[in-house]
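Read-outs throughout are calculated quantities, based only on the coordinates presented, and are distinct from any laboratory measurement. Since we're looking at a predicted model, the values are computed, not measured. Every residue, glycine among them, receives a Cβ derived from its backbone with ideal geometry; neighbour counts consider all protein chains shown.
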């Protein structure tokens, strides 16, 4: 049963489902005004045509917004500082966008005096969770309408419903794949990929070269960080957006950044996902290596545990949760001394760390690590250390021997 609402702000992509949401909300659920919002996250779509399409479908107002800068500064860079990889592999390129879009929808709803928010997500995906939970955290007073989760129409029926209200059917042959794209990467699922034994065809990739097409000569890349944030590539200072674009180009050219995984969705099912995230994966790898040079061992171990927790929270739609905020506070403290330079070699789908340097905060001291004449480590102190260190296990072993 749909909640009654008069004025709704709809997250709009320009696709069939979100376009059909507009007349469906008005005709079936009695909504008086539907206001749409489409976010530019660097996906390269022509958003003006999307804005006009919403108006043609019956929206009373249609907004588009450039969210690329906050997307990178406020969402991607924290993910890099946290080394965020869901299930150890996926760098959350799609998941990171949802709380930002939700935040913008709430802002527009309040400015327009709307009493509800809406999206076109289905009941099997992760995005419905991310939007619904974010809406509840930011604006619990607003209703949340989910027509595509409730209308029960097949794709053919959805297209036919839209045609009744002047929404044209897709003119080209529909791709078997479901693709989501932003500046951080692409996610590809469905179609032949639903068979876990089916290898992805090259047609699904757009940001990364195949191994065969990648250059035959390796390329060395240097990435500089300040306070955990990437700031320069190959000695050239770059703004956050330009830096992500440069990292995407370099890593993608050499075929680095492809992920093929079986993923555990929030709703409890497994799905096969293909991701292209060349720049984001490259930056996370470099950042991890710099932390190995600049953070103490106990801090690193604790941070690794919280990184997994942080990635789970973001994937599960809990960006605005108090636990995630608390982990952010911890991570921000750890990044104060994560300054330096990482050198990587890109070649045929690989990014190999080949150099590290941190002038201000390195915990690597050559006069302590060397085996040469400059060695200043007190070897004699090792005997006492080992005696104390091994004392508990010696006591335990002696007790066990007596019991035999």
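Looking at the range 271-404, what % of the alpha carbon pairs are farther apart than 26 Å?
When every Cα pair of the range 271-404 is considered, 51 percent fall beyond 26 Å.
For a Förster distance of 22 Å, can you work out the FRET efficiency between the beta-carbons of residue 381 and residue 297, rounded to the nearest 0.05?
0.75
7 Å from Cα along Cα→Cβ at both residue 165 and residue 73: what's the point-to-point distance in nm?
With each label placed 7 Å out from Cα toward Cβ, I get 3.7 nm.
Efficiency by 1/(1 + (r/R0)^6): what FRET value for residue 365 and residue 389, r their Cβ-Cβ distance, R0 = 25 Å, to the nearest 0.05?
With a Förster radius of 25 Å, E is 0.70.
Distance in nm between label sites at residue 178 and residue 352, each 7 Å beyond Cα in the beta-carbon direction?
3.9 nm
Please give the per residue volume of the convex hull enclosing the alpha carbon atoms of the range 178-265, rounded to a whole number of Å³.
Measuring per residue, one finds 126 Å³ for the Cα hull of the range 178-265.
Share of Cα-Cα pairs in the chain beyond 30 Å, in percent?
50 percent
If I stretch the segment between residue 397 and residue 52 completely, what's the gain in nm (0.36 nm per residue apart, minus their alpha carbon distance), one decimal?
116.5 nm
How high is the relative contact order of the range 7-163? Use alpha-carbon pairs under 8 Å, at least six apart in sequence, and give a whole percent.
27 percent
So for each of 309-317, 19-27, 108-116 I average, over its residues, the number of other beta carbons within 10 Å; can you give me the resulting order with the highest mean first?
Values: 309-317: 21.1, 19-27: 24.4, 108-116: 17.3.
The packing order, highest mean first, is 19-27, 309-317, 108-116.
When the chain is treated as a GNM, springs tying every alpha-carbon pair under 10 Å, which of 394, 89, 98 comes out with the largest mean-square fluctuation?
Looking only at 394, 89, 98, the largest GNM fluctuation is found for 394.
Below 8 Å, C-alpha to C-alpha, sequence gap of six or more: please give me the relative contact order for the chain in percent.
Dividing the mean separation by the residue count of the chain yields 17 percent.
State the antiparallel share, in %, of DSSP beta bridges confined to the chain, rounding to the nearest 5. Don't jump to the answer; show the numbers that get you there.
Values: 36 of 53 bridges.
Among the beta bridges of the chain, antiparallel pairing accounts for roughly 70 percent.
In whole Å, largest first, what are the principal axis extents of the Cα atoms in the range 247-310?
Projected onto its principal axes, the Cα set of the range 247-310 covers 37, 35, 12 Å.
By how many nm would the segment from residue 237 to residue 197 grow when fully extended, if each residue of separation counts as 0.36 nm and the alpha-carbon distance is taken off?
Length gained between residue 237 and residue 197: 10.0 nm.
Estimate the FRET efficiency between residue 212 and residue 245 by the formula 1/(1 + (r/R0)^6), using the beta-carbon distance for r and 30 Å for R0, to the nearest 0.05. Display every interim value, and only then the final one.
Details: r = 25 Å, r/R0 = 0.82.
So the FRET efficiency works out to roughly 0.75.
State, to one decimal in nm, how far the label point of residue 110 lies from the label point of residue 374, with both points 7 Å from Cα in the Cβ direction.
Each label point is offset 7 Å from its Cα along the Cβ direction, giving 5.7 nm.
Can you tell me how much longer the chain between residue 4 and residue 154 gets when fully stretched, taken as 0.36 nm per residue apart minus their C-alpha distance, in nm with one decimal?
Extending this stretch completely gives an extra 51.6 nm.
May I ask you to order 189-201, 251-263 by the average number of other C-beta atoms within 10 Å around their residues, highest value first?
Working: 189-201: 12.6, 251-263: 20.7.
Final packing ranking: 251-263, 189-201.
Cα centroids of the range 143-162 and the range 204-264: how far apart, whole angstrom?
Centre-to-centre (Cα) distance: 38 Å.
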